[in-house]
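Before any comments, here is the structure.
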Amino acid sequence: MVTEFNGKQQLLRPEALIDLAAARHNLNCAKSAAPSSKVIAVIKSNAYGHGMLRIAKALEAADTFGLARMEEAVSLRQAGIEKRLLVLEGFFGRDELEAASHYQIELAVNSPEQLSLLERSQLRQRVGCWLKVDTGMHRLGFPPNAAPRAHMRLSSCASVRPPIRLMTHLASADDLQDAATDQQIQRFLPLIGQLGGEISIANSAALLGWPQTHYDWVRPGIMLYGASPLLGGRGERHELKPVMTLSSRLIAVNRCASGDAVGYGGSWRCPEAMPVGVVSIGYGDGYPRHAPTGTPLLVNGRRVPMVGRVSMDMVTVDLRSQPEAKVGDPVILWGRGMPAEEIAEAAGTIAYELFCGVTQRVRFSEEDLG
Ligand SMILES: *Cc1c(COP(=O)(O)O)cnc(C)c1O
């Protein structure tokens with residue numbers, strides 16, 4: 001834990017403000033884009049770095065919460081969350097299966113190992129199951145030709161509470177031109193016809209870009225946090241609002257001379273005499289070290305380019321457009337007014353990774369305006 005200081009020091013370090021009203025707004029966007037589907041709001045990996053419990057409480061209107069691992073689901077139950085929960089990777093070992101039964105957590109059944117553990121178990125309460133089919137991503141799930149038999153075994157398993165639901169996951173839905181999505185859908189359709197029951201295919205990208213995948217349950221994740229799931233996309237084009245705003249402050253303004261080298265390696269030199277600002281944020285806080293010179297950020301609400309290398313605790317910025325900027329002035333790294341997608345593209349990654357990568361050192365707070 002970082003010691004709390006009173007007074008000014010406290011203001012000059014990074015903060016992540018979580019806008020819970022924006023999260024609810026984004027859930028409503030998901031619902032209006034897929035009006036006939038129920039929603040599994042995906043809040044795995046600490047709600048993509050936003051704080052799992054606070055997001056679970058804010059997204060009361062979701063039908064189910066989606067988690068990756070059993071321990072995430074158990075911690076939600078232990079914190080008093082009573083909503084339906086689905087663990088997308090299912091369970092590993094008998095202890096996790098018993099926890100799923102005890103806490104009434106639904107499971108994706110992905111593998112022969114999980115299937116035979118279920119068959120050998122004697123649970124006090126049955127568990128709800130989703131049969132996961134691998135339609136082409138080759139990550140988790142039964143191949144389509146093995147799915148009917150797995151479905152039959154699940155249906156006759158005493159530990160499983162009927163009905164069995166079917167799900168698959170799309171590998172390339174973020175690219176609206178990619179033929180792989182149609183191929184995955186084509187492999188899944190015969191099973192939908194043959195096995196019936198409730199169906200779930202769509203992540204955020206499919207929810208927004210492939211309406212033919214909506215079916216009974218959609219599984220939005222990233223869009224709930226306000227970022228676009230589509231390649232080159234921006235959340236605001238879908239009327240999504242950023243949930244996390246990562247901010248900090250200027251902690252120094254240096255009057256540099258023409259030719260002065262800035263930061264580690266001296267990789268960037270001032271082309272003229274100019275003010276260079278130092279912002280209290282770095283890769284130790286989760287700001288991506290690969291963000292190159294030119295990556296934008298907001299100083300006093302106006303865009304300026306980052307210059308030089310990202311340090312562990314600081315970044316440096318070109319303040320020629322704001323020579324009046326001073327120590328203490330506010331800086332936004334991403335969030336309101338600065339799309340995380342744009343920073344991610346500059347740094348060669350995706351908004352998912354930026355959100356998940358914000359570290360313990362950053363102080364989180366939340367806001368809930370309506
Ligand atoms: C993470 C995940 C999702 C949510 O994906 P987004 O791209 O964040 O919408 C949906 N389904 C499964 C199986 C996942 O693992």
- prompt: When only residues in the stretch 337-370 that are of a type in the set (A, V, I, L, M, F, W, C) and within 16 Å of the ligand (Cβ to nearest atom) count, which is most open to solvent (accessible area, probe 1.4 Å)?
  reply: I350
- prompt: So which of A179, A173, A202 is more than 12 Å from the ligand (Cβ to nearest atom) and among the small types (G, A, S)?
  reply: A179
query: Which residues, counting only those in the stretch 25-59, are on the phi > 0 side of the Ramachandran plot and assigned to a loop (DSSP other than H, G, I, E, B)?
result: G51
V74 vs. criteria touching a strand residue (DSSP E or B) at 6+ places or on another chain (Cβ under 6 Å) and among the hydrophobic types (A, V, I, L, M, F, W, C): no
query: Looking at A146, is it within 13 Å of the ligand (Cβ to nearest atom) and not in a loop (DSSP other than H, G, I, E, B)?
result: no
- prompt: Which of (1) outside any strand (DSSP E or B); (2) touching a strand residue (DSSP E or B) at 6+ places or on another chain (Cβ under 9 Å) is the odd one out, the single condition E353 does not satisfy?
  reply: (2)
- prompt: What residue, of R289, R320, R303, R309, is of a type in the set (K, R), part of a loop (DSSP other than H, G, I, E, B) and touching a strand residue (DSSP E or B) at 6+ places or on another chain (Cβ under 6 Å)?
  reply: R320
message: Quick check on my filter: what residues within the stretch 90-107 are crowded, with 23+ Cβ neighbours inside 10 Å and among the small types (G, A, S)?
response: G90, A100
Yes/no for A252 being hydrophobic (A, V, I, L, M, F, W, C) and touching a helix residue (DSSP H, G or I) at 6+ places or on another chain (Cβ under 6 Å): no
query: Only one of (1) at pLDDT below 95; (2) within 25 Å of the chain's Cα centre (by Cα) is not met by I332, so which one is it?
result: (1)
Residues (in contact with a helix residue (DSSP H, G or I) (Cβ under 6 Å, 6 or more places away or on another chain) and in a helix (DSSP H, G or I)) located in the stretch 175-198: R187, L191, L195
field: Cross-chain or 6+ apart pairs with Cβ under 9 Å, the stretch 278-299 first and at positive phi, then assigned to a loop (DSSP other than H, G, I, E, B) and hydroxyl-bearing (S, T, Y)
entry: G286/T359
query: Only one residue in S159, S111 is away from the ligand (no atom under 16 Å from the Cβ) and of a type in the set (G, A, S), so which one is that?
result: S159
Residues that are of a type outside the set (A, V, I, L, M) and within 11 Å of the ligand (Cβ to nearest atom), drawn from the stretch 211-220: W217, R219, P220
message: Please pick out the residue among V310, V279 that is under 19 Å from E15 (Cβ atoms) and either in contact with a Phe, Trp or Tyr (Cβ under 8 Å, 6 or more places away or on another chain) or within 16 Å of the ligand (Cβ to nearest atom) (or both).
response: V310
- prompt: Are any of the residues in the stretch 184-193 open to solvent by 30 Å² or more (accessible area, probe 1.4 Å) and either within 10 Å of the ligand (Cβ to nearest atom) or farther than 24 Å from P143 by Cβ (or both)?
  reply: no
query: Which one of L224, L298, L207, L240 is of a type outside the set (F, W, Y) and either more than 28 Å from L17 (Cβ to Cβ) or in a strand (DSSP E or B) (or both)?
result: L298
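Listed here are the residues, each with its yes/no results for (1) away from the ligand (no atom under 16 Å from the Cβ); (2) surrounded by fewer than 18 Cβ atoms within 10 Å (Cβ to Cβ).
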{"position": "L20", "(1), (2)": "yes, no"}
{"position": "S37", "(1), (2)": "no, no"}
{"position": "I40", "(1), (2)": "no, no"}
{"position": "A47", "(1), (2)": "no, no"}
{"position": "K57", "(1), (2)": "yes, yes"}
{"position": "D63", "(1), (2)": "no, yes"}
{"position": "A68", "(1), (2)": "no, yes"}
{"position": "L88", "(1), (2)": "no, no"}
Which listed residue, of L250, L231, L246, L208, is over 27 Å from D63 (Cβ atoms) and within 14 Å of the ligand (Cβ to nearest atom): L231
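The values are calculated or read from the model by the stated rules, or taken from the named source; none is laboratory data. This is a predicted model, so every value here is computed, not measured. Cβ coordinates were reconstructed from backbone atoms using ideal geometry, including for glycine residues, and neighbour counts include every protein chain displayed. Please note that ligands, DNA and RNA were not included when accessible areas were found on the heavy atoms of the full protein model with its side chains. Shrake-Rupley method; radii C 1.70, N 1.55, O 1.52, S 1.80 Å.
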